[in-house]
Ligand code: NAP
Ligand code: F7E
């Protein structure tokens, strides 16, 4: 068992929740950064909560926001982490076109605020940056660590900046800082407006007769979709290496949105073509057409290989939606969805 201490930003998100589980299993003391909101955002990690009144918990949460550099410094001083996993970001590509400045400040400059806090406090901690395959944009596949970037969204541009500032702090100040260039990874904990979760949930709802149609944008985009719990293991492996370096993490396979629809709908015995409608509001002003990652370096140096490929992933996600208890499903028809918060102005860039 490890006696290390980790700080995880974005602990309430998909990856943060799986990473917290992994680190706790390994015996880490895990500190998580949580931004304050008017309602609790800890649904994905509630099962890990331990009452601090009964014993000193191995998971400890702290309020903090990526916009607040001084708070990040204070927390680092107090926590003295051995490892910092920086996962927090405005992570939705379509939303980044609506909120480019905010995305730049959180997804881009948020990384600088953390790295600068590490530099100023002089802590000898290791740093993981959640870089993204979106940085490759239109550069043809397969994409690997030396493939040139061509970001196609404010999100991707912000991630590309964060990638380079991470490398710069490694080269300039000798900080053990790594970039994990992760291709799409999904799970039943994926945010509800990302396409895989949206499709899996709709397949289950349509099969139950709770919904008739699913509205989607570009069905031709191809993605390399892996399984999130396996990808957080790669993050941990990167920080255990003596020499900091950058790694692509991917399955090496690619499927279109149309393929993913077929996989989920056939799994519940439905023909998706009878239920899917096109909505141009889900198109992006500039799209990323085709991503396939080459993760041979991660296999060679980290001993990491994926076992769950897209067809199995689609089944895992659809089964989770089919089995989800009614109380947890909510009434999505009355909840704000991607479509109900898009305004006429949001469509102007096209
Ligand atoms: P996610 O589910 O959207 O989680 C994002 C996390 O960031 C949430 O905990 C969110 O808090 C937090 N956050 C957002 N803005 C913040 C702020 N201003 N201050 C503090 N915390 C803030 O994302 P994910 O899928 O787990 O991805 C984790 C990271 O990997 C992200 O950086 C993402 O861009 C990157 N990435 C993801 C993928 C993928 O396929 N999933 C691939 C490559 C890279 P709330 O819960 O309060 O919203
Ligand atoms: O879109 C198309 C859409 O939003 C996938 C983030 O985790 O992975 C994620 O970014 C594709 C795109 O993920 C809808 O146009 C069609 O081509 O699920 P997505 P993403 O944009 O690939 C990367 C690696 C990250 O780093 C990001 O943080 O699906 N698509 N119709 C749609 N997408 C959405 N969301 N909704 C639709 O209705």
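The values are calculated or read from the model by the stated rules, or taken from the named source; none is laboratory data. Note that the structure is predicted; figures quoted are calculated from it, not measured. So basically every Cβ, Gly included, is an ideal-geometry build from the backbone, and we count neighbours across all protein chains shown.
Answer with yes or no whether residue 258 is part of a helix (DSSP H, G or I) and either at pLDDT below 95 or in contact with a helix residue (DSSP H, G or I) (Cβ under 6 Å, 6 or more places away or on another chain) (or both). If you could, list the steps in order and put the result at the bottom.
Values: part of a helix (DSSP H, G or I): yes; either at pLDDT below 95 or in contact with a helix residue (DSSP H, G or I) (Cβ under 6 Å, 6 or more places away or on another chain) (or both): no.
The answer is no for residue 258.
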(request) Give the number of residues within region 262-291 that are outside any helix (DSSP H, G or I), under 30 Å from residue 143 (Cα atoms) and more than 10 Å from ligand 2 (Cβ to nearest atom). (result) 2
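One line per residue, one yes/no per condition, for (1) buried (at least 17 other Cβ atoms within 10 Å of the Cβ); (2) farther than 13 Å from residue 125 by Cβ; (3) within 13 Å of ligand 1 (Cβ to nearest atom):
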residue: 67; (1), (2), (3): no, yes, yes
residue: 72; (1), (2), (3): yes, no, yes
residue: 75; (1), (2), (3): yes, no, yes
residue: 79; (1), (2), (3): yes, no, no
residue: 82; (1), (2), (3): yes, no, no
residue: 86; (1), (2), (3): yes, no, yes
residue: 99; (1), (2), (3): no, yes, yes
residue: 103; (1), (2), (3): yes, yes, yes
residue: 106; (1), (2), (3): yes, yes, yes
(request) Give me a count of the residues in region 214-239 that are away from ligand 1 (no atom under 14 Å from the Cβ) and assigned to a strand (DSSP E or B). (result) 4
(message) Looking at (1) within 15 Å of ligand 2 (Cβ to nearest atom); (2) surrounded by fewer than 20 Cβ atoms within 10 Å (Cβ to Cβ); (3) without any contact (Cβ under 8 Å) to a residue 24 or more places away in the chain, which one does residue 171 not meet, given that it meets all the others?
(response) (1)
(message) Looking at region 329-340, can you tell me whether even one residue there is at pLDDT 95 or above, closer than 25 Å to residue 15 by Cα, surrounded by 14 or more Cβ atoms within 10 Å (Cβ to Cβ) and out of contact with any strand residue (DSSP E or B) (no Cβ under 9 Å at 6 or more places or on another chain)?
(response) no
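Residues are listed down the side, and each one gets a yes or a no for (1) under 25 Å from residue 294 (Cα atoms); (2) crowded, with 21+ Cβ neighbours inside 10 Å; (3) away from ligand 2 (no atom under 16 Å from the Cβ):
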| residue | (1), (2), (3) |
| --- | --- |
| 192 | no, no, no |
| 195 | yes, yes, no |
| 214 | no, no, no |
| 233 | yes, no, yes |
(message) For region 6-26, give me the residue count where each residue is more than 20 Å from residue 113 (Cα to Cα) and more than 6 Å from ligand 1 (Cβ to nearest atom).
(response) 10
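Can residue 247 be described as surrounded by 19 or more Cβ atoms within 10 Å (Cβ to Cβ), at pLDDT 95 or above, over 21 Å from residue 301 (Cβ atoms) and within 16 Å of ligand 1 (Cβ to nearest atom)? First the steps, then the outcome.
Values: surrounded by 19 or more Cβ atoms within 10 Å (Cβ to Cβ): yes; at pLDDT 95 or above: yes; over 21 Å from residue 301 (Cβ atoms): no; within 16 Å of ligand 1 (Cβ to nearest atom): yes.
Answer is no for this residue.
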(request) Kindly indicate which of 175, 206 is touching a strand residue (DSSP E or B) at 6+ places or on another chain (Cβ under 8 Å) and in a helix (DSSP H, G or I). (result) 206
